[in-house]
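The values are calculated or read from the model by the stated rules, or taken from the named source; none is laboratory data. All figures in this text were calculated on a predicted structure; none of them were measured in a lab. Accessible surface areas use protein heavy atoms only, side chains included; no ligands, DNA or RNA. Shrake-Rupley method; radii C 1.70, N 1.55, O 1.52, S 1.80 Å.
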Amino acid sequence: MTYATDERTQKAIDLFRNFDVDTQLALLWFGYLDIKEQLQGETNQPSVQDTAAALYDQIRALPKEQQLQAQRDLASGASTDISRAYTALHSSPKIDLWLRLSRGMENGEIIQVPSDYKLPQQTNSFVDTVKGFNFQQRIDFIRSIVLEMGAK
(Lines give C-alpha, C1' and ligand atoms only; values in the text may rest on other atoms or scores of the structure.)
Protein backbone atom coordinates (compact mmCIF):
# COMPACT_ATOMS: atom_id res chain seq x y z
CA MET A 1 0.00 0.00 0.00
CA THR A 2 1.26 3.44 -0.83
CA TYR A 3 0.12 6.90 0.18
CA ALA A 4 2.06 8.58 -2.61
CA THR A 5 -0.36 10.80 -4.43
CA ASP A 6 1.84 12.23 -7.14
CA GLU A 7 4.54 11.08 -9.52
CA ARG A 8 7.39 12.88 -7.72
CA THR A 9 6.55 11.23 -4.41
CA GLN A 10 6.29 7.80 -6.04
CA LYS A 11 9.63 8.35 -7.77
CA ALA A 12 11.22 9.19 -4.40
CA ILE A 13 9.76 5.99 -2.91
CA ASP A 14 11.23 3.96 -5.77
CA LEU A 15 14.64 5.60 -5.28
CA PHE A 16 14.51 5.01 -1.52
CA ARG A 17 13.84 1.30 -2.02
CA ASN A 18 17.09 0.99 -4.00
CA PHE A 19 19.30 2.20 -1.14
CA ASP A 20 20.85 -0.28 1.29
CA VAL A 21 19.17 -0.71 4.68
CA ASP A 22 21.63 1.43 6.64
CA THR A 23 21.24 4.28 4.14
CA GLN A 24 17.45 3.95 4.39
CA LEU A 25 17.63 4.20 8.18
CA ALA A 26 19.92 7.23 7.97
CA LEU A 27 17.59 8.91 5.47
CA LEU A 28 14.63 8.35 7.80
CA TRP A 29 16.66 9.86 10.67
CA PHE A 30 17.75 12.93 8.71
CA GLY A 31 14.22 13.29 7.34
CA TYR A 32 12.88 13.31 10.89
CA LEU A 33 15.39 15.99 11.89
CA ASP A 34 14.28 18.08 8.93
CA ILE A 35 10.57 18.06 9.86
CA LYS A 36 10.55 17.45 13.62
CA GLU A 37 9.50 21.02 14.46
CA GLN A 38 6.40 20.59 12.32
CA LEU A 39 5.62 17.29 14.07
CA GLN A 40 5.54 18.73 17.59
CA GLY A 41 1.76 19.00 17.64
CA GLU A 42 1.18 15.65 15.98
CA THR A 43 -0.30 13.07 18.37
CA ASN A 44 -2.17 9.87 17.84
CA GLN A 45 -5.04 8.36 19.77
CA PRO A 46 -4.09 6.71 23.08
CA SER A 47 -4.62 3.19 21.67
CA VAL A 48 -2.17 3.95 18.83
CA GLN A 49 0.32 5.41 21.27
CA ASP A 50 0.03 2.39 23.59
CA THR A 51 0.57 -0.08 20.75
CA ALA A 52 3.61 1.78 19.43
CA ALA A 53 4.97 2.30 22.95
CA ALA A 54 4.88 -1.44 23.67
CA LEU A 55 7.00 -2.25 20.62
CA TYR A 56 9.27 0.73 21.24
CA ASP A 57 9.85 -0.49 24.81
CA GLN A 58 10.90 -3.90 23.47
CA ILE A 59 13.46 -2.27 21.17
CA ARG A 60 14.64 0.20 23.83
CA ALA A 61 15.31 -2.68 26.26
CA LEU A 62 17.80 -4.25 23.85
CA PRO A 63 21.54 -3.55 23.95
CA LYS A 64 22.47 -0.73 21.54
CA GLU A 65 23.78 -2.96 18.73
CA GLN A 66 20.66 -5.10 18.91
CA GLN A 67 18.52 -1.93 18.74
CA LEU A 68 20.22 -1.16 15.44
CA GLN A 69 19.73 -4.73 14.24
CA ALA A 70 16.02 -4.56 15.14
CA GLN A 71 15.68 -1.42 12.99
CA ARG A 72 17.62 -3.08 10.17
CA ASP A 73 15.33 -6.10 10.43
CA LEU A 74 12.25 -3.88 10.21
CA ALA A 75 13.59 -2.06 7.17
CA SER A 76 14.79 -5.19 5.39
CA GLY A 77 11.69 -7.30 6.03
CA ALA A 78 13.49 -9.93 8.12
CA SER A 79 11.27 -12.39 9.94
CA THR A 80 12.00 -11.70 13.60
CA ASP A 81 9.66 -11.42 16.58
CA ILE A 82 9.84 -7.62 16.54
CA SER A 83 9.42 -7.46 12.76
CA ARG A 84 6.39 -9.76 12.86
CA ALA A 85 4.82 -7.70 15.66
CA TYR A 86 5.43 -4.56 13.58
CA THR A 87 3.84 -6.14 10.51
CA ALA A 88 0.68 -6.80 12.53
CA LEU A 89 0.31 -3.09 13.35
CA HIS A 90 -1.98 -0.74 11.47
CA SER A 91 -0.48 2.30 9.72
CA SER A 92 -0.72 4.85 12.55
CA PRO A 93 1.17 2.77 15.15
CA LYS A 94 3.88 2.04 12.54
CA ILE A 95 4.42 5.75 11.98
CA ASP A 96 4.24 6.39 15.71
CA LEU A 97 6.92 3.74 16.34
CA TRP A 98 9.35 5.39 13.90
CA LEU A 99 8.64 8.76 15.47
CA ARG A 100 9.38 7.25 18.91
CA LEU A 101 12.57 5.65 17.61
CA SER A 102 13.73 9.01 16.23
CA ARG A 103 12.94 10.79 19.48
CA GLY A 104 14.68 7.96 21.35
CA MET A 105 17.76 8.51 19.22
CA GLU A 106 17.65 12.19 20.09
CA ASN A 107 17.50 11.55 23.82
CA GLY A 108 20.00 8.66 23.81
CA GLU A 109 17.59 5.80 24.60
CA ILE A 110 18.11 4.34 21.12
CA ILE A 111 21.44 3.87 19.34
CA GLN A 112 22.28 7.03 17.42
CA VAL A 113 23.63 7.64 13.96
CA PRO A 114 27.36 8.28 14.43
CA SER A 115 28.05 12.02 14.58
CA ASP A 116 30.54 11.76 11.71
CA TYR A 117 28.17 9.81 9.43
CA LYS A 118 27.81 11.19 5.93
CA LEU A 119 25.12 10.06 3.53
CA PRO A 120 26.47 8.36 0.40
CA GLN A 121 26.90 10.70 -2.55
CA GLN A 122 24.32 8.77 -4.59
CA THR A 123 21.62 10.03 -2.19
CA ASN A 124 22.13 13.70 -3.13
CA SER A 125 19.47 13.89 -5.86
CA PHE A 126 17.06 11.90 -3.68
CA VAL A 127 17.56 14.30 -0.75
CA ASP A 128 17.08 17.31 -3.05
CA THR A 129 13.84 15.82 -4.36
CA VAL A 130 12.43 15.17 -0.88
CA LYS A 131 13.48 18.60 0.39
CA GLY A 132 11.34 20.02 -2.42
CA PHE A 133 8.24 18.29 -1.03
CA ASN A 134 5.73 20.15 1.07
CA PHE A 135 4.97 18.83 4.55
CA GLN A 136 2.05 16.62 3.46
CA GLN A 137 4.09 15.07 0.63
CA ARG A 138 6.84 14.25 3.13
CA ILE A 139 4.33 12.62 5.47
CA ASP A 140 2.84 10.64 2.56
CA PHE A 141 6.33 9.56 1.54
CA ILE A 142 7.27 8.45 5.06
CA ARG A 143 3.94 6.69 5.56
CA SER A 144 4.38 4.79 2.28
CA ILE A 145 7.89 3.72 3.27
CA VAL A 146 7.16 2.58 6.82
CA LEU A 147 3.99 0.71 5.84
CA GLU A 148 6.07 -1.58 3.63
CA MET A 149 8.54 -2.41 6.41
CA GLY A 150 8.31 -5.41 8.70
CA ALA A 151 8.40 -9.16 8.18
CA LYS A 152 7.62 -10.25 4.63
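Per-residue extension of 0.36 nm, minus the Cα-Cα distance of Lys131 and Ser92, leaves a gain of 11.7 nm for this segment.
Surface composition of the chain: carbon plus sulfur atoms hold 50% of the accessible area, using a 1.4 angstrom probe and ignoring ligands, DNA and RNA.
Treating the Cα atoms of the stretch 64-107 as identical point scatterers in vacuum, please give the log10 of the normalised Debye intensity I(q)/I(0) at q = 0.16, 0.23, 0.25 Å⁻¹, two decimals. Taken in order of the listed q values, log10 I(q)/I(0) reads -0.41, -0.83, -0.96. From Cα pairs below 8 angstrom and at least 6 apart in sequence, can you work out the relative contact order of the chain, rounded to a whole percent? Worked out over the chain, it gives 44 percent. A 1.4 Å probe run over the protein chains yields, for the chain, 54 Å² of accessible area per residue, whole-number rounding. Per-residue accessible area (protein heavy atoms, 1.4 Å probe) orders Leu15, Leu99 as Leu15, Leu99, starting from the largest. Distance distribution note for the chain: the fraction of Cα pairs above 25 angstrom is 23%.
When the solvent-accessible surface of protein heavy atoms is calculated with a 1.4 angstrom probe, in what order do Thr129, Thr23 fall, highest first?
The ordering from most to least exposed comes out as Thr129, Thr23.
With kT/(6 pi eta Rh) evaluated at 10 °C and eta = 1.306 mPa s, and Rh the Kirkwood radius from Cα pairs, the stretch 43-118 diffuses with a coefficient of 125 µm²/s according to Stokes-Einstein. Just so you know, the Rg over Rh for the stretch 78-152 is 1.00, from Cα atoms, with Rh as the Kirkwood radius.
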